[in-house]
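These notes are about the structure you will find just below.
The values are calculated or read from the model by the stated rules, or taken from the named source; none is laboratory data. On a predicted model such as this, the values are computed, not experimentally measured, just so you know. All Cβ positions, even for glycine, are placed from backbone atoms using ideal geometry, and neighbour counts span all protein chains on display. With ligands, DNA and RNA removed, areas are computed over all heavy atoms of the protein, side chains included. Shrake-Rupley method; radii C 1.70, N 1.55, O 1.52, S 1.80 Å.
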Amino acid sequence: MTTRPPTRVRVHEERGVFVVVASGDFDVDERDLLLSAWDEADERNLPVTVLDLSGVTFGDSSFLDSLLLARRRHLTTDRRLVIAGPLHRGVVLLLTVTGTLPHFETSASLTDALRNNTPT
């Protein structure tokens with residue numbers, strides 16, 4: 001029997017960008033982890049949030065809903081949300097099948113996202 005890696009969400013500020021690093025499997029039980037991150041992003045109100053999903057191995061419809069909520073909250077306050085990869089094939093499949101992938105700004109990696117989105 002294989003053990004699931006722990007699901008984690010860590011946040012920090014780097015070079016004027018709010019960074020959310022998510023890892024593990026996300027379903028309805030982990031939804032609050034992302035919602036707390038969005039609340040903190042709103043409080044800090046930085047111009048860009050980078051969401052590093054390179055460590056996410058699974059996401060269900062509640063995960064997708066959390067991503068869409070973050071997108072809405074950022075658009076409403078004229079902030080940018082950038083999803084950084086590389087994305088696990090299951091995450092790509094979720095975003096592709098639902099037709100939501102084109103609605104997100106993406107970057108190949110967290111490093112690229114920070115390099116290209118650091119406020120001047």
Looking only at the stretch 84-102, decide whether some residue is in contact with a Lys or Arg (Cβ under 7 Å, 6 or more places away or on another chain), crowded, with 17+ Cβ neighbours inside 10 Å and modelled with pLDDT of 95 or more.
no
Filter the stretch 29-59 for residues that are within 17 Å of ASN117 (Cα to Cα) and not in a strand (DSSP E or B); which is least open to solvent (accessible area, probe 1.4 Å)?
ALA41
Step by step: first the residues of the stretch 103-115, then only those that are touching a residue at least 12 places away in the same chain (Cβ under 8 Å) and among the hydroxyl-bearing types (Ser, Thr, Tyr), then the one that is surrounded by the fewest Cβ atoms within 10 Å (Cβ to Cβ). Which residue is that?
SER109
If ARG79 passes every condition in (1) closer than 20 Å to ASN117 by Cβ; (2) more than 13 Å from the chain's Cα centre (by Cα); (3) open to solvent by 20 Å² or more (accessible area, probe 1.4 Å) but one, which one does it miss?
(3)
Pairs, first at pLDDT 95 or above in the stretch 27-48, second surrounded by 17 or more Cβ atoms within 10 Å (Cβ to Cβ) and part of a helix (DSSP H, G or I), C-beta under 6 Å, six or more apart
LEU34/SER66; TRP38/ALA70; VAL48/ASN117
Positions within the stretch 1-28 being open to solvent by 30 Å² or more (accessible area, probe 1.4 Å), among the hydrophobic types (A, V, I, L, M, F, W, C) and assigned to a strand (DSSP E or B), in sequence order
VAL9, VAL11
State yes or no: is PHE63 surrounded by fewer than 20 Cβ atoms within 10 Å (Cβ to Cβ), touching a Lys or Arg at 6+ places or on another chain (Cβ under 9 Å) and aromatic (Phe, Trp, Tyr)?
no
Considering every residue within the stretch 84-107, establish whether at least one is farther than 23 Å from ASP27 by Cβ and aliphatic (A, V, I, L, M).
no
